[in-house]
Each structure stands twice: as C-alpha cells, then as structure tokens.
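Participant: One structure is given below, represented as structure tokens, and several questions about it will come after.
Every number here is computed from the coordinates shown, using simple stated rules; none is lab data. These figures come from a predicted structure and were not determined experimentally. For neighbour counting, all protein chains shown are included, and Cβ atoms are generated from backbone atoms with ideal geometry for every residue, glycine included.
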Amino acid sequence: MATLLDLTSQGDVATITDDAYLNRTLQLMDPQQLYALWERQQWQSQAIDLERDKEQWAELADEQKEEHLWGLSSFFVGEERVTTQFSGLVMAYEDEQEEAFLTTQQVDEARHMQFFDRWFREVAGIDGGIGDRLAASRADVTDAFVELFDERLVKMGERLIDDPSDIDSKVDFITTYHMVIEGTLALTGQHFMLDYYEKNDLLPGFAEGFANIARDEHRHVAYGTWFLQQKCGEDRHRARVQQTLNELLPLAAGVLVPKGYSVGDEYEFFGYTSQEQAEFAYSALSRRLKVIGVPLATPSAA
C-alpha cells in the first residue's frame, strides 16, 4: 500500500494529483515523522557550485538582470523575515516531538536566507554585509509585502511570545505562515520560477539551491496542515482559519505583483500569466484546506 510520502512531495497534500485521496480522515505525517525526514535531507547553502551562474549572469542584459533580481528579492527578504519571526512558534510547542520539528524549521529558514545572501553576493555582485544586501533587495518589495511580513506576521509572532500557550494565536500564526506565506506565496513562486530556470538551462546553481528550499518548504507546509487538521475539529478554530484567510489572501495577492501593475491586472511572471499563477495557488490551498476541513470561499480570493 502506498504511503503518504509515496503520494506526495514531503507529505504536502497539495501535491497529490488524485483528489480521491483528499478528505479530512487522511492520516498526515506527524512532527516526529517530519523531523526524521529532515534528518535525511540535509544540504549545505555554502557548498553549491555557482560558477556557471556567474558566467551566465555576466552575459545577461541589464534589463534581464533587473527582472531576475526583482523576482528574487521578495524571496531573500521573506526568508530573513520568517527566520526572525519564528521563535514564538518554537516556544508554543505542545510536546517534545513538535518541539524538535519546529526547531528544524527555524534552522531551515536561516539556511535559506544564507543561500540567497551568498547568491546575491557572489553572482549578482552586491557588496557589503547581509544587512546591506537585504536593504538593497527591500527596494523591490511591494507595500503588500511590507504589510504581510513586517506588520501582520510580526504582530502574530509577538502574541505567541507573550503567551506561548495561547492556541488561538498559534492557529492564527500557522494559518498565516504555513498556509499563506509558504503554501500560497512561496511554493507558487518557486514552482514557476524553477520551471523557467530548468527549461532555459539558466542559473543552475541557483536552481539547485532553490529546489532544496522548495523541498524544505513542502515539509514545513505538511506540518502546518497536520497541526490545523488536529485543531479544526473544533468550530472556533475552523472559524479562525477562515477569518485569517479571508483577511490575508487579498493582501497576499499583491505581494508578487510586478512594478507598474495592480492586483487584478493581467501580467506575466517568469513567462507565466497571473491567471496561471492564481489557479495554481488556489488549487494547492484548496487541497490542503479540504484535508484540514475548512472550505475556501471563492477562487478570486487566491
């Protein structure tokens, strides 16, 4: 009999292609299983070969470089933000198995930030320290990004630090972090960008590291789906998840909108239309929520 890991990428039910498997009784991977998976999947951000990336980057036109840097900046700054805002969730563990897994996720986020910093330094040639490169990248993030990562996420993290035993705050944080930021934004962007880089045989070192990051984040989202499935047997938690999604999904839609465009405009991101991206994100989120037991209101919300 096939296991959940056989059917999915890292236990993330959004990657199940046969919807017949999707229901609230599906047994998800628990934190202990996800921790063991993490131990088997180590990688080094400083060891990936970036020599071909440097050669290819030097041959790109300035306009192409700007397009790539714009796309990567939100990921770089985002990884720094989630690294610094994760401590409250680690403090909110409910048993030792969950504690062990949550600490691995914070380590993952720091490694992701280190990989982006190395690439921006060695390939894009942005001098200074990590703070300088993050400041340069911040010039490319949208107002929606600032509100979601610097305001909403930070406030939710502070609530957990103030009271790690507050389950309502934990449900809000995981809905925001795992369902919206990682599951809806990061994994959608990674899917299309990786496809673009692989099809065009472009920046292979970055593509290798980015694929490792995506693998990690599927594992993270698998944890978030497991946790919310456990809690959403209660009406009040289902209502909180739905309320948080209703508030944040319209905001998330503005995070990766390119310069000169607004939410609702038709545009392309790494060769894919805004409609293709929205449909992918909506499908992935809907699959996770079906297993959690929370309906998603309308496709337009994604």
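Participant: Add -39500 (n - 2.57) for each DSSP H run of 4 or more in the chain, then divide by its residues: what number comes out at 222 nm, to the nearest 500 deg cm²/dmol? Can you show the working numbers first?
Facilitator: Values: 13 runs with 183 residues, N = 302.
It lands at -19500 deg cm²/dmol.
Participant: Past 29 Å, Cα to Cα: identify those pairs from Lys170/Lys290; Lys54/Lys155; Lys155/Lys199; Lys199/Lys259; Lys54/Lys199; Lys54/Lys259, in the order given. If you can, show how the numbers build up before the last one.
Facilitator: Working: Lys170/Lys290 20 Å; Lys54/Lys155 39 Å; Lys155/Lys199 40 Å; Lys199/Lys259 25 Å; Lys54/Lys199 19 Å; Lys54/Lys259 26 Å.
Over 29 Å Cα-Cα: Lys54/Lys155; Lys155/Lys199.
Participant: Out of region 218-274, which trypsin sites (Lys or Arg not before Pro) are coil in DSSP terms and have no more than 10 other C-beta atoms within 10 Å?
Facilitator: Values: sites: Arg219, Lys231, Arg236, Arg238, Arg240, Lys259; in loops: Lys259.
Passing both the DSSP loop test and the Cβ count: Lys259.
Participant: Using the crude model of +1 on Lys and Arg Cβ and -1 on Asp and Glu Cβ, and no other charge, please compute the dipole size for the chain relative to its Cα centre, in debye to 20.
Facilitator: Roughly 660 debye, rounded to the nearest 20.
Participant: If you don't mind, there's one more thing I want to ask. What number do you get for region 40-188 when its Cα radius of gyration is normalised by 2.2 N^0.38 Å, N = residues? Show your work: numbers first, answer last.
Facilitator: Numbers: Rg = 16.9 Å, N = 149, 2.2 N^0.38 = 14.7 Å.
Here the answer is 1.15, to two decimals.
Participant: What do you get for the angle between helix 274-292 and the principal long axis of the chain? Use alpha-carbon atoms, 0 to 90 degrees, nearest ten.
Facilitator: 30
Participant: Going by alpha carbons, how many degrees (0 to 90, nearest 10) lie between the helix axis of 153-162 and the longest principal axis of the chain?
Facilitator: 50
Participant: Under the 0.36 nm per residue contour assumption, what length would be gained going from the current alpha-carbon distance of Asp168 and Ser286 to full extension? Could the numbers behind the result be given before it?
Facilitator: Values: separation 118, 0.36 × 118 = 42.48 nm, distance 2.19 nm.
Roughly 40.3 nm would be gained on extension.
Participant: For region 180-221, what is the charge dipole size about the Cα centre, in debye to the nearest 20, if Lys and Arg each add +1 at the Cβ and Asp and Glu each add -1 at the Cβ?
Facilitator: Computed charge dipole of region 180-221: roughly 80 debye.
Participant: To the nearest 10 degrees, how steeply does helix 204-231 sit against the main Cα axis of the chain, on a 0 to 90 scale?
Facilitator: That works out to roughly 20 degrees.
Participant: Something else about it: Could you tell me which residue out of Ser74, Gln85, Ser283 lies farthest along the dipole of the chain toward its positive end? Charges go on the beta carbon: Lys and Arg +1, Asp and Glu -1, centred on the Cα centre.
Facilitator: Result: Ser283, furthest along the dipole toward the positive end.
Participant: Compute the FRET efficiency between Glu158 and Asp235 as 1/(1 + (r/R0)^6), taking r as their Cβ-Cβ distance and R0 = 25 Å, and round to the nearest 0.05. Show your work: numbers first, answer last.
Facilitator: Working: r = 27 Å, r/R0 = 1.07.
The computed FRET efficiency comes out at 0.40.
Participant: Please compute the length gained on full extension between Glu99 and Glu198, using 0.36 nm multiplied by the number of residues separating them and subtracting their Cα-Cα distance.
Facilitator: On the way: separation 99, 0.36 × 99 = 35.64 nm, distance 3.60 nm.
Full-extension gain reported as 32.0 nm.
Participant: While we're looking at this one, here's another question. Only Lys, Arg, Asp and Glu count, each charged at its Cβ (+1, +1, -1, -1), so figure out the dipole size of region 213-287 about its Cα centre, rounded to 20 debye.
Facilitator: I would put it at about 440 debye.
Participant: Of Thr175, Ser165, Ser137, which is farthest along the charge dipole of region 97-211 in the positive direction, counting Lys and Arg as +1 and Asp and Glu as -1 at C-beta?
Facilitator: So the residue furthest toward the plus end is Ser137.
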